[in-house]
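The values are calculated or read from the model by the stated rules, or taken from the named source; none is laboratory data. Just so we're clear, the structure is a prediction, and the values are computed from it rather than from any experiment. We place every Cβ from the backbone using ideal geometry, glycine too, and count neighbours over all the protein chains shown.
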C-alpha cells in the first residue's frame, strides 16, 4: 500500500481569524538592519554579563503603589546581599522619594564601597542639575544615566524634533553632565537611545559615537551605551542583529560597555537578552522576576538561573530564592506567579504520573550513583528527568516535587508515601493504591496532600475497625521441642483461643482463620523496617487471594512479627466484610 504524503488540504484546516493584522508592519519594513555577516548564531554563552537591577527605578515607576522609603531600602539591601555590584536606585529629579533615597545612600553606609550607584535622568538641563545635586557626597562609584527617545514615531509625535534637532538636544545634555561632574572622578556616564530597536541604525550609531567622543570613552574610563528594546516588536534574532551591528561598528568599541534593556511585550524578553549577549552585549538591565511597565522588563533572575542551569556561575546568589521572592513581593505588593521560572511554587512540582515516575527514578539513580562514587549528592553532576536544576540549589526541599491529583500515577504516590511516611510500597501495591487514589481525586476534583494520602492508605489496607482482631499472638517451644504458635483472636466479637503445633506464627494464624471460615491464601509478604534498630517499628505488605480475588493488606507494629500478624488480620477483616459478615 502506498501512502500519499500529507498536503495542507489534509492537515491544515485553519481559517483567517478576522483580526485586523493588516494594520501592523513587519519590523524589517520599519528598521532596515545593514548587518551583512552575523556571528552570534555560532557563539555560546560562557560567562555572566554585568547585571544591573532597575527594580528601584524602572520597576518602581510601573507599580500601582510605588515603594515607600522603607520598602526601597529593604529591596536595596536584598540586592546587595545577593551580590549585585551595580544598582539603579532611582530617578531623583522626578520624585522626592527617589531624591531622598539617593541622599540616604550619600549620608549612610548602606551601600558597600564596591557597589556602583546608578541614577537616571531625562536629557533635560534642569533634570540633569537636580540629578547631580542628588549624588553630592556619595563615595561610591556613580553612573549618571541619560536617556532620550530616538525612534521616528517618538521624534515626530512626542518630541516634535528632526534627527538633527534631537541630536543637538542629546549632545547638549551630555555636555551638561560633563560640566556638572568634572570635579567628581567617581562619576561615569551612560546614554540610552530610548526605543533603540525602532530607531534607524545609521542615526543611532552616529548619535552614540558622538556621545562617546564627547565623554571621551576609554578602556580605563568606559562609557555605557544602553540599547533598549523599549517596546518589544520583533523576534529575538532581529534584536541580536541590531546589537551585533552596533558592536561591530561603534567607533570607540574598546571604551564602551555595551548594555541592553529588553522589555517583554512579545513574551520573549529573556530570549532577546540571551541572544544580545551572544551578539556582543556585556551588561543587562532588568528587574528581578521581571516587573516593569506593561508586560515588564526582562527577568534577570531567570536569566541568571538559566546560566546556572548551563554550568555557568551567574555571579548572583539565589540559594534562598524563597526569601528573595518574599522580599520582592513585599516591596512591590505584587505576587510572583506559581509557574514563574525557578521561583514559582509549582515549578519543581509534578502532578502527571509519567513525570512523577521519571523524577522518582531519577532521584533514586542520582543518590545511588553518588553513594557508589563516594560523593555528596549535592555536589554530583545533576541529571534528573524534568528537573533542569536541583531544587536544593535555590533552597527548595524535595517536599513539593511530587504532588497528587487525578493526573498522578503510582510512581508519584509511592514517592510521597516513602519520603513523607517511610512506606516503601511493592510495585503491585503501588498499582493497586494508585487506582484507589485516582478514584478519590476524580470524585473530589481536588489535589490531595500527603496527609490525606496516608489516611487513604490506612483506610484501604490496615483494616482499622475490622471484624477480625488479634488480641495476642506469640510463639514458643513446646515440651516436646516443637514450635507452638497461638494466642487469642476476636472474630466478629467472639474471642477464640488458638494453639497450633509445628507451624510458624503466620501459617498458624491463617490455619486458625480458615477453621473459622475465613480463607486466605498468601501470594506474597514484604517486610520493611520503618526505623533503625531492633526496637524500631516495622511494616508488612501482604498480597493475598480469597476465592477469585487478589488484594492487599498491611500491618504496622513494633516488630516484624507483630506487623505481619496485623497484616493478616487486616486481610481477614476485608475477606469477612466481602462475605457479608459484620
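What about residue 158, is it in the same structural domain as residue 138 (by TED's automatic domain parsing), more than 22 Å from residue 222 (Cα to Cα), touching a strand residue (DSSP E or B) at 6+ places or on another chain (Cβ under 7 Å) and not in a strand (DSSP E or B)?
Taking the combined requirement at face value, the residue satisfies it.
Under the condition of being at pLDDT 80 or above and surrounded by 17 or more Cβ atoms within 10 Å (Cβ to Cβ), which residue from region 392-413 is nearest to residue 307 (Cα to Cα)?
Among those that are at pLDDT 80 or above and surrounded by 17 or more Cβ atoms within 10 Å (Cβ to Cβ), it is 394.
What tally of residues in region 173-192 results from selecting those that are closer than 27 Å to residue 263 by Cβ and part of a strand (DSSP E or B)?
Matching residues across region 173-192 total 5.
Among the residues of region 291-305, are any in the same structural domain as residue 117 (by TED's automatic domain parsing), in a strand (DSSP E or B), touching a residue at least 24 places away in the same chain (Cβ under 8 Å) and under 21 Å from residue 267 (Cα atoms)?
Yes, some residue in region 291-305 is in the same structural domain as residue 117 (by TED's automatic domain parsing), in a strand (DSSP E or B), touching a residue at least 24 places away in the same chain (Cβ under 8 Å) and under 21 Å from residue 267 (Cα atoms).
Within region 57-114, which residues are in contact (Cβ under 8 Å) with a residue 60 or more places away in the chain, closer than 21 Å to residue 315 by Cβ and in contact with a helix residue (DSSP H, G or I) (Cβ under 6 Å, 6 or more places away or on another chain)?
If the condition is that a residue be in contact (Cβ under 8 Å) with a residue 60 or more places away in the chain, closer than 21 Å to residue 315 by Cβ and in contact with a helix residue (DSSP H, G or I) (Cβ under 6 Å, 6 or more places away or on another chain), then 75, 78, 88 are the ones that fit.
Please find, within region 370-391, the residue that is farthest from residue 305 (Cα to Cα) out of those that are within 17 Å of the chain's Cα centre (by Cα) and assigned to a loop (DSSP other than H, G, I, E, B).
Step one: filter region 370-391 for residues within 17 Å of the chain's Cα centre (by Cα), giving 382-391.
Still in the list and also assigned to a loop (DSSP other than H, G, I, E, B): 382-383, 385-386, 388-390.
Details: 382: 15, 383: 16, 385: 18, 386: 16, 388: 10, 389: 9, 390: 12 Å.
Step by step, filter region 370-391, then rank; the result is 385.
Return the residues of region 208-243 that are farther than 24 Å from residue 175 by Cβ and assigned to a loop (DSSP other than H, G, I, E, B); say none if nothing qualifies.
Scanning region 208-243 gives 230, 231, 232, 233, 234, 235.
Please tell me if residue 282 is within 30 Å of residue 215 (Cα to Cα), touching a residue at least 40 places away in the same chain (Cβ under 8 Å), surrounded by fewer than 19 Cβ atoms within 10 Å (Cβ to Cβ) and assigned by TED's automatic domain parsing to the domain that holds residue 63.
Spelling it out, residue 282 is indeed within 30 Å of residue 215 (Cα to Cα), touching a residue at least 40 places away in the same chain (Cβ under 8 Å), surrounded by fewer than 19 Cβ atoms within 10 Å (Cβ to Cβ) and assigned by TED's automatic domain parsing to the domain that holds residue 63.
Any residue in region 499-507 that is closer than 16 Å to residue 564 by Cα, assigned by TED's automatic domain parsing to the domain that holds residue 562 and at pLDDT below 85?
yes
Counting only residues that are part of a loop (DSSP other than H, G, I, E, B) and either under 28 Å from residue 328 (Cα atoms) or touching a helix residue (DSSP H, G or I) at 6+ places or on another chain (Cβ under 9 Å) (or both), how many does region 37-56 have? Step through it out loud before you land on a result.
We begin by selecting, within region 37-56, every residue part of a loop (DSSP other than H, G, I, E, B); these are 37-39, 43-49, 54.
Now narrow it down to the ones that are either under 28 Å from residue 328 (Cα atoms) or touching a helix residue (DSSP H, G or I) at 6+ places or on another chain (Cβ under 9 Å) (or both): 37-39, 43-45, 47-49, 54.
Selection size over region 37-56: 10.
Quick one: residue 124 ticks every box in (1) in contact (Cβ under 8 Å) with a residue 24 or more places away in the chain; (2) more than 37 Å from the chain's Cα centre (by Cα); (3) surrounded by fewer than 14 Cβ atoms within 10 Å (Cβ to Cβ) bar one, so which box is it?
Unmet for residue 124, out of (1) in contact (Cβ under 8 Å) with a residue 24 or more places away in the chain; (2) more than 37 Å from the chain's Cα centre (by Cα); (3) surrounded by fewer than 14 Cβ atoms within 10 Å (Cβ to Cβ): (3).
For the condition on the phi > 0 side of the Ramachandran plot and modelled with pLDDT under 90, what is the one hit in 386, 348?
The conditions single out 386.
Kindly establish whether residue 489 is modelled with pLDDT of 90 or more and buried (at least 19 other Cβ atoms within 10 Å of the Cβ).
Considered against the rule, which asks whether it is modelled with pLDDT of 90 or more and buried (at least 19 other Cβ atoms within 10 Å of the Cβ), residue 489 comes out as no.
In region 533-556, what residues are within 17 Å of residue 424 (Cα to Cα) and surrounded by fewer than 18 Cβ atoms within 10 Å (Cβ to Cβ)?
536, 537
For region 506-523, does any single residue satisfy the condition of being in a strand (DSSP E or B) and more than 22 Å from residue 542 (Cα to Cα)?
No, every residue in region 506-523 fails to be in a strand (DSSP E or B) and more than 22 Å from residue 542 (Cα to Cα).
Residues to consider are 313, 299, 357, 345; find the one that is surrounded by fewer than 17 Cβ atoms within 10 Å (Cβ to Cβ) and in contact with a helix residue (DSSP H, G or I) (Cβ under 8 Å, 6 or more places away or on another chain).
313
Give the residue, chosen from 562, 570, that is closer than 23 Å to residue 435 by Cβ and not in a strand (DSSP E or B).
None of the other options fit; the residue is 570.
If a residue has to be surrounded by fewer than 22 Cβ atoms within 10 Å (Cβ to Cβ) and farther than 11 Å from residue 492 by Cβ to count, how many in region 562-579 make the cut?
Residues flagged as surrounded by fewer than 22 Cβ atoms within 10 Å (Cβ to Cβ) and farther than 11 Å from residue 492 by Cβ within region 562-579 amount to 2.
Just a yes or no: is a residue in region 482-494 within 50 Å of the chain's Cα centre (by Cα), in contact (Cβ under 8 Å) with a residue 24 or more places away in the chain and in a loop (DSSP other than H, G, I, E, B)?
Checked region 482-494: no residue is within 50 Å of the chain's Cα centre (by Cα), in contact (Cβ under 8 Å) with a residue 24 or more places away in the chain and in a loop (DSSP other than H, G, I, E, B).
Return the residue satisfying two criteria in turn: it lies in region 15-30 and is assigned to a loop (DSSP other than H, G, I, E, B) and modelled with pLDDT of 80 or more, and of such residues it is farthest from residue 266 (Cα to Cα).
Step one: list which residues in region 15-30 are assigned to a loop (DSSP other than H, G, I, E, B), which gives 15-20, 24-26.
Adding the requirement that they be modelled with pLDDT of 80 or more leaves 15-20.
Working: 15: 23, 16: 21, 17: 19, 18: 21, 19: 17, 20: 18 Å.
My answer is 15.
Which one is surrounded by the most Cβ atoms within 10 Å (Cβ to Cβ), of the residues in region 232-257 that are within 23 Å of residue 299 (Cβ to Cβ) and in contact with a strand residue (DSSP E or B) (Cβ under 6 Å, 6 or more places away or on another chain)?
Looking at the filtered set, the residue picked out is 239.
Considering region 193-206 alone, what residues qualify as being part of a helix (DSSP H, G or I) and surrounded by fewer than 20 Cβ atoms within 10 Å (Cβ to Cβ)? Full working, then the answer.
The first filter runs over region 193-206 and keeps only residues part of a helix (DSSP H, G or I), leaving 196-198, 201-206.
Listed by number, the residues that qualify are 201, 202, 203, 205, 206.
Quick one: how many residues across region 306-341 are without any contact (Cβ under 8 Å) to a residue 40 or more places away in the chain, over 21 Å from residue 56 (Cα atoms) and within 13 Å of the chain's Cα centre (by Cα)?
3
Would it be correct to say that residue 143 is at pLDDT 95 or above, surrounded by 18 or more Cβ atoms within 10 Å (Cβ to Cβ) and either out of contact with any strand residue (DSSP E or B) (no Cβ under 7 Å at 6 or more places or on another chain) or not in a helix (DSSP H, G or I) (or both)?
yes
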